[in-house]
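A short write-up of the structure that comes next.
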Amino acid sequence: MAVFQPTAIIGNGRVLVTLGQSAELMAFFYPRCDHAQNVREGLTGIYLDGFGFSWLFGQEWQRRQRYLKGEAAVLTELVSPSLGLGVSVCDFVSPSEPVLFRRWQVRSLDGKPKRLKLMHYFELTLGGHEWQQAVQVVTLPHPTPRPAIVQWRENFWCGISSDLPFQQWQCGKAHQNSHNHPKPDMLDGWLSGQTLEIGKVGFAVSWQLSIPPIGSIERMMVVAFGENKREVLHRLGRNLSKPFDVHHEQHLQEWGQWLSRLDISFPNSVTDERMRAVLEAALWTMRLTWDKGAGAPVAAPEFDPTFEASGGYGFCWCRDASYVAHAFAELGLAQKASRFFEWCAKAQSADGYFHQRYWLDGSLAPAWSEDHDNLQVDETAAVVWAANRVYQRLGGKPSQSVWDMVQRSLKFLSSHLVAGVHKVGMDLWETFRGHFTYTQAAFVAAFRAGSEMAKLVGDSEWTKRCQALSEETKSALMGRFWAKEGFLRGITTNGHPDMTPDASVLGVIEPFRILDLRKTDELKMAEKTAGWVLTHLAKETPEGGLAVWRFSGDGYAWGMASTTATLWLGLVAASLGETTKKQDWWRVAQKCWLAVVHHTTPAGIIAEMFDPFSSGYWAMGHGWSAAWLVLLTERLSRAGKLAG
């Protein structure tokens, strides 16, 4: 199947929904943010009398999409001069239930009345399966009798109904050549009325609308999920008993309350509405990809489930999760962040390390970096580093289970050293094997963190042991990984220095702060390292920003720039600006920030990768990138260096 890129995300921490640029419903993850993917297609079409059928994703439509201010609600606005129609679609998810609200507003653009059918097609894959599904039209008794469509497979149930009753429907087989396939049957504006189908199924519904010359006609749809028919029908009836605007106001208030809990300064610094919206969307990304039930995040909403162009994204990497947890703690949500380390205590391997990636239930996800000399050992180190930062923010001791997890991690890391250098493993880009500056820096940071956490719990033996290990590993970092031009990317499996320019060497400065910028010699090393990345991996963007690539020759995602690497250089430049007071470093930080906020999805969501010279992007809703954008924004804002 083709890989389609979503443009927006909505949800509530237990449900994660992705949308396309034409308000296509592309994914509905429930009951967790990683599983199951319950929607294959959710498409809107219009059958206009005198014209015929038009999908909203067709070329005859011009479109604009944005988040509404102060909430994770998406407004998609479409106009078609050839049809003389304007359509807007507003989507959001209930803060407390697995319920999606959709409202269409249809208006005439040319001052002429119109008759049309507003139609919607669904192909659901409940439980993540195409087959063995059942779909049926039933009567929803409350708030007043009206048709509803229910589909089910095992204990996955979905129900769909509307404020004003559907006037046509059709259930059928979702095979390309099926005689009762609802999707092609929509093209003539008529649905057969079939009320039941089993197997690989799809269904369609429609309303007949008479559009006045002036004004608009609205329809609301409610999509509810649950574990049984009774639960789904109850959710439909209860939510349809209130108008859309009431639900929307409740949604806005809930998101406003969450926003008010954050310790952030940029809302007072950013006046440009688009930039402000991008920054709000980064906060929404952090919240929406973090599963409330699990206490852990997915890297990004899954969009490539068959792994055709990547290894997939809808899983938890402990590296990414550690950076998001750290950011939450910095923003005043340390208690929320601390839940991740309780999750880690359950997911950790018996040997004390963390696997490449996990399902949110803590089980091993599909992986390719599991052999003893392919382990991404930096992930284990990142967990220890982040745990310390979070519990220092909390100002209290970790639970016994978390401290036990940290001890097991430290034991594994200490056993994974030879003469102070970490053993051969995979790099953080999941591309190269060897010994790496970034991974070595992560080890130093983990041992420092272990020493500080041992003090928190009153364990003097671990305090001394970790202090010695941190000194040993830093000495090896400075002695083995430093060259005249800057830090090596690493040392190959054959023991040769690897001078390939790689943004990950910035880890010695941010976030791990291995180099002491108060010391003249280490400050010079830091400036040289940042300058090396700036010279070899950064390019000016058309809007005056700086885009940074992960490493020289990187061909992933068609050779796009890396949002993470760009923000990484920005954070490092901000640290150097704070220390040296040099405006040149502040300008680098500003330009990195500018490149990221200018290259988003049409809805304003940042992605893992972006094309700085076009509108292309890859893996939108990337939590690690969103977290670092917020942290860089705060650094610039508090220093009075934020433009916009």
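What pairs come up if the first residue lies in segment 369-397 and is within 17 Å of residue 408 (Cβ to Cβ), the second is open to solvent by 60 Å² or more (accessible area, probe 1.4 Å) and of a type in the set (Asp, Glu), and their beta carbons are under 6 Å apart, counting only those six or more places apart or on different chains?
Hits for this filter: 388/452.
Give 440, 467 a once-over and let me know the one that is at pLDDT 95 or above, surrounded by fewer than 19 Cβ atoms within 10 Å (Cβ to Cβ) and not hydroxyl-bearing (Ser, Thr, Tyr).
Within the list 440, 467, the selection yields 467.
Kindly provide the set of residues from segment 443-480 that are in contact (Cβ under 8 Å) with a residue 40 or more places away in the chain, closer than 24 Å to residue 376 by Cβ and in contact with a Lys or Arg (Cβ under 6 Å, 6 or more places away or on another chain), ordered by number.
444
Of the conditions (1) buried (at least 24 other Cβ atoms within 10 Å of the Cβ); (2) closer than 15 Å to residue 573 by Cα; (3) polar (S, T, N, Q), residue 637 fails just one. Which one is it?
The failed condition is (1).
Residues in segment 213-237 that are under 18 Å from residue 49 (Cβ atoms) and either open to solvent by less than 40 Å² (accessible area, probe 1.4 Å) or part of a strand (DSSP E or B) (or both): how many? Let's see the steps before the verdict.
Within segment 213-237, the subset under 18 Å from residue 49 (Cβ atoms) is 213, 216-217, 219.
Now drop any that are not either open to solvent by less than 40 Å² (accessible area, probe 1.4 Å) or part of a strand (DSSP E or B) (or both), which leaves 216-217, 219.
Summing the residues that are under 18 Å from residue 49 (Cβ atoms) and either open to solvent by less than 40 Å² (accessible area, probe 1.4 Å) or part of a strand (DSSP E or B) (or both) in segment 213-237 gives 3.
Out of curiosity, is residue 539 open to solvent by 10 Å² or more (accessible area, probe 1.4 Å), outside any loop (DSSP other than H, G, I, E, B) and in contact with a Pro (Cβ under 9 Å, 6 or more places away or on another chain)?
yes
Can you say whether residue 474 is open to solvent by 10 Å² or more (accessible area, probe 1.4 Å), part of a helix (DSSP H, G or I), more than 30 Å from residue 432 (Cα to Cα) and at pLDDT 95 or above, as far as the supplied structure shows?
Taking the combined requirement at face value, the residue does not satisfy it.
Considering only residues that are hydrophobic (A, V, I, L, M, F, W, C), outside any helix (DSSP H, G or I) and either in contact (Cβ under 8 Å) with a residue 24 or more places away in the chain or open to solvent by 50 Å² or more (accessible area, probe 1.4 Å) (or both), which ones fall in segment 513-536?
514, 517
Could you please tell me which pairs satisfy a Cβ distance under 6 Å, a separation of 6+ or placement on different chains, a first residue in segment 551-573 that is closer than 17 Å to residue 299 by Cα and part of a helix (DSSP H, G or I), and a second residue that is open to solvent by 10 Å² or more (accessible area, probe 1.4 Å) and among the basic types (Lys, Arg)?
Close Cβ pairs satisfying both conditions: 565/550.
Where in segment 108-186 are the strands (runs of 3 or more DSSP E), entirely inside, with at least 3 residues that are closer than 16 Å to residue 231 by Cα?
Working: elements: 114-124, 133-140, 146-153, 156-162, 168-173.
The strands (runs of 3 or more DSSP E) meeting that bar are 133-140, 146-153, 156-162.
If you scan segment 107-133, which residues turn out to be closer than 18 Å to residue 30 by Cβ and open to solvent by less than 50 Å² (accessible area, probe 1.4 Å)?
Of everything in segment 107-133, those that are closer than 18 Å to residue 30 by Cβ and open to solvent by less than 50 Å² (accessible area, probe 1.4 Å) turn out to be 122, 123, 124, 125, 126, 127, 128, 133.
The values are calculated or read from the model by the stated rules, or taken from the named source; none is laboratory data. Please read all numbers here as calculations on a predicted model, not as lab measurements. Cβ coordinates were reconstructed from backbone atoms using ideal geometry, including for glycine residues, and neighbour counts include every protein chain displayed. Areas reflect the complete protein model, heavy atoms only, side chains present, ligands, DNA and RNA absent. Shrake-Rupley method; radii C 1.70, N 1.55, O 1.52, S 1.80 Å.
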